[in-house]
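The values are calculated or read from the model by the stated rules, or taken from the named source; none is laboratory data. Since we're looking at a predicted model, the values are computed, not measured. A quick note on method: Cβ atoms are made from the backbone with ideal geometry, for glycine too, and the neighbour counts reach across all protein chains shown. The accessibility values were calculated without ligands, DNA or RNA, using every heavy atom of the protein model including side chains. Shrake-Rupley method; radii C 1.70, N 1.55, O 1.52, S 1.80 Å.
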Amino acid sequence: MTTIAIIGTGVVGERIINQALGLEEYEIVAVFDEQQDRLAQIVEKYQVPAVTSMEELLALRADWVYVGTPPISHAFLTEQIASRRLNVLSEKPLAHDYEQGEKMVGAIERYNVQSAMHFPMMYSPEVRYLKNALSSGELGDILRIELHTHFPVWPRSWQQNPWIATKEQGGFIREIFPHYLQLTHHLFGDLDILSHDTVYQEDPALCEVSVSALAKTHSGIPLLLNGASNMAQKERIEYKIFGSKKTMMIRNWSELLECTVEDDLRIVEVFEENENLLQACANYLNGKEALIIPFDEGLKVQKWIEELLQ
């Protein structure tokens, strides 16, 4: 049995609760949130145990402690958790900024504990299918990568909270881009941001409304990053890899498509089941092969995000 304690019961924290409850090999030993009304709702809805303080939560010594709070609190919480010799599972982005991210990596190393990040795309069957297609040479030479993200409104209707629209902690560059920059790193290695133009709102407290950027992987593949919000278009997220033989795209997180010179884009049906994040975390602690994104990899993504926010 693998135990987990959960800090933060927002939309994504609730997804982690659901994922843990769906696994026989997991036990939720505690849930904690400073927003007592929200915590009470979660306890009533899922019948999970709750604590009233971080000290109570840490004293339970869970195998993993999940941090699903705003980014500005990640470094402080990681230090507390790691100093108790407990493993840390963090929401993305890794931290509020690169300096705080470095402190998180340092804490993991100093206390010799394990770290993992919540990049759910990495466990999707569509990404696994894409990885296999790349490994087999099905796409041919990779000529270009493009990411396009457009939102009619930010924050999205289901993601309303006090910080998600702020320049300090929110915006789609922090919320959406890490998934795809991490995926790019996983598939193609390190990259450099060559140039970018990020536009902010008139209110200096609010997050960005658009970004255009050019990057390149260290292997020489050009990468185009394009994002905008508050525009008259249905939400659209497209991650596209152009090959000399075939082009493949992940659309809106979980829809895989492909095309060739002769054929238009068509949906690729993928039915394979993968291990999910929590299963990977359990397998990792048990010495089994598992896909884990550690904090030092998250720190690389943090650097690229910070460059785009300038």
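For the reader, a short list of remarks on this structure follows.
- Using a Gaussian network model of the chain in which every pair of alpha carbons under 10 angstrom is joined by a spring, one finds that among ALA59, ALA116, ALA50 the greatest mean-square fluctuation is at ALA59.
- Springs join every pair of Cα atoms under 10 Å in this Gaussian network model of the chain, and among TYR111, TYR46, TYR123 the largest mean-square fluctuation is at TYR46.
- Helical runs assigned H by DSSP (4 residues or longer) give the chain a calculated mean residue ellipticity at 222 nm of -9500 deg cm²/dmol, each run adding -39500 (n - 2.57) before division by the residue total.
- Reference-scaled alpha-carbon Rg (2.2 N^0.38 Å with N residues) for the stretch 1-64: 1.00
- Note that the stretch 114-193, at 20 °C in a medium of 1.002 mPa s, gets a Stokes-Einstein diffusion coefficient of 143 µm²/s from its Kirkwood radius over C-alpha pairs.
- The stretch 166-206: proportion of alpha-carbon pairs further apart than 15 angstrom, %: 55 percent
- Accessible solvent surface per residue of the chain, calculated while the other protein chains remain in place, 1.4 angstrom probe, Å²: 46 Å²
- The solvent-accessible area of ARG110, taken with every protein chain present and a 1.4 Å probe, is close to 140 Å².
- Largest-first ellipsoid semi-axes for the chain, taking √(5λ) over the Cα gyration tensor eigenvalues, angstrom: 32, 23, 19
- Each listed q (0.16, 0.17 Å⁻¹) maps to a log10 I(q)/I(0) for the stretch 16-155 from the Debye sum over equal C-alpha point scatterers, namely -1.01, -1.07.
- Each residue, HIS196 and ASN230, gets one label point 7 Å from its Cα in the Cβ direction; the gap between the two is 1.9 nm.
- Full-extension gain in nm, GLU25 to GLU275, via 0.36 nm per residue minus C-alpha separation: 88.7 nm
- Cα-centre dipole for the stretch 21-122 with unit charges at Cβ (Lys and Arg positive, Asp and Glu negative), debye to 20: 160 debye
- Accessible-area ranking of GLU297, GLU255, largest first, probe 1.4 Å: GLU255, GLU297
- Separation of the GLU289 and ASP203 label points, Cα + 7 Å toward Cβ, nm: 5.1 nm
- Extension gain (nm, one decimal) between LEU143 and ASP37, 0.36 nm per residue minus Cα-Cα: 33.1 nm
- With N counted as the residues of the stretch 143-292, its alpha-carbon radius of gyration over 2.2 N^0.38 Å works out to 1.19.
- Accessible surface ranking that places the most exposed of ASP190, ASP203 first, with a 1.4 angstrom probe: ASP203, ASP190
- Taking a point 7 Å out from the Cα of TRP163 in the direction of its Cβ, the residues of the stretch 1-25 whose backbone N falls within less than 17 Å of it are 6-14.
- The stretch 146-200 and the stretch 1-33 have Cα centres separated by 26 Å.
- Evaluated over the stretch 263-310, the Cα radius of gyration and Dmax, each in Å: 16.8, 45
- Computed accessible area, VAL261, all protein chains, 1.4 angstrom probe, square angstrom: 140 Å²
- Rounded to the nearest 10 square angstrom, LYS240 shows an accessible area of 50 square angstrom against a 1.4 Å probe.
- Each principal axis of the Cα cloud of the stretch 220-310 was evaluated for its coordinate range; sorted largest first, these ranges are 46, 40, 32 Å.
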